[in-house]
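Participant: Sending over a structure as structure tokens; questions will come in a sec.
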């Protein structure tokens, strides 16, 4: 059984880097920013590991909520899953395989970002991954506890995201992540995970984590949660389906793009002078 590190909850829902919303005009055109100030509490459900025809794929896509679908590049159903998710109105992001502190390389998949790669090779692989996932508007890390703690690696990854107009969701697989710091320096939009639903692959644990989500929403206006297709896919999709009515009484289910910061017209006007 494969375990992912459970991440402690954080009160912050997102980090806006360097006062810069997105790195280019192209990027600003990719998102429809919405003022959510009058909305109820919000929950964004991100489902990782699409792209390999994994268990629970269809069940997740059929959930009666808007999801953010994280698709791994260069796999047999990468394009199919991304296109189907987009067709159903879900956000699609690149689930970039990145080096962990522990774990098998076979879990990473092709095109993985590892800390022994040159700057040029990292850039090449990130650009290729983005190009391989149709309709991708963001990115998050698959595993990556070692890579996301490496400032050199994340500077390159986030710089490419900025150039391509993608935001980055830090899955928070490491307490030593440098993503917030590097993102502020570069000026790229980042969000971060608050709760892993299925870091242990049992239905009992998923139900327990849904309880954690409920408590989190009791104290915070926004919550980003991550689940997976694959080994826990059927457990997670079943538990989510059962919990949706109660969770809807606490919060609105939204895609990640609804949690991106709203541009400040006054600040934008000052920069244009």
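The values are calculated or read from the model by the stated rules, or taken from the named source; none is laboratory data. All values derive from a computational prediction rather than experimental measurement. Neighbour counts are summed over all protein chains in view; Cβ atoms, including those assigned to glycine, are modelled from backbone coordinates with ideal geometry.
Participant: Only one of 244, 224 is assigned to a helix (DSSP H, G or I) and either closer than 26 Å to residue 154 by Cβ or over 15 Å from the mean Cα position of the chain (by Cα) (or both). Can you tell me which? Full working, then the answer.
Facilitator: Values: 224 fails: assigned to a helix (DSSP H, G or I).
Unique residue meeting the criteria: 244.
Participant: Quick check on residue 194: is it modelled with pLDDT of 95 or more and either under 25 Å from residue 85 (Cα atoms) or surrounded by fewer than 20 Cβ atoms within 10 Å (Cβ to Cβ) (or both)? Spell out the reasoning first.
Facilitator: Working: modelled with pLDDT of 95 or more: yes; either under 25 Å from residue 85 (Cα atoms) or surrounded by fewer than 20 Cβ atoms within 10 Å (Cβ to Cβ) (or both): yes.
Criteria met by residue 194.
Participant: Still on this structure, please answer the following. For segment 53-77, how many residues are at positive phi and out of contact with any helix residue (DSSP H, G or I) (no Cβ under 7 Å at 6 or more places or on another chain)?
Facilitator: 1
Participant: Would you pick out the residues in segment 93-138 that are out of contact with any helix residue (DSSP H, G or I) (no Cβ under 8 Å at 6 or more places or on another chain) and at positive phi?
Facilitator: 103, 109
Participant: Something else now. Kindly indicate the residue of segment 79-109 that is over 19 Å from the mean Cα position of the chain (by Cα), loosely packed, with under 14 Cβ neighbours inside 10 Å and part of a loop (DSSP other than H, G, I, E, B) and also modelled with the highest pLDDT among those meeting that condition.
Facilitator: Applying the filter and picking the extreme gives 102.
Residue-by-condition table, conditions (1) closer than 16 Å to residue 226 by Cα; (2) surrounded by fewer than 19 Cβ atoms within 10 Å (Cβ to Cβ); (3) at pLDDT 95 or above:
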position: 21; (1), (2), (3): no, no, no
position: 24; (1), (2), (3): no, yes, no
position: 32; (1), (2), (3): no, yes, no
position: 35; (1), (2), (3): no, yes, no
position: 41; (1), (2), (3): no, yes, no
position: 47; (1), (2), (3): yes, no, yes
position: 64; (1), (2), (3): no, yes, yes
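Participant: What are the residue pairs meeting all of these: first residue in segment 98-109, first residue closer than 16 Å to residue 49 by Cα, second residue in a helix (DSSP H, G or I), Cβ atoms under 6 Å, and 6 or more apart or on different chains?
Facilitator: As it stands, the answer is 98/147; 99/147, since those pairs meet every condition given.
Participant: Out of all the residues in segment 199-222, which are under 25 Å from residue 81 (Cα atoms) and touching a residue at least 40 places away in the same chain (Cβ under 8 Å)?
Facilitator: Matches in segment 199-222: 199, 200, 201.
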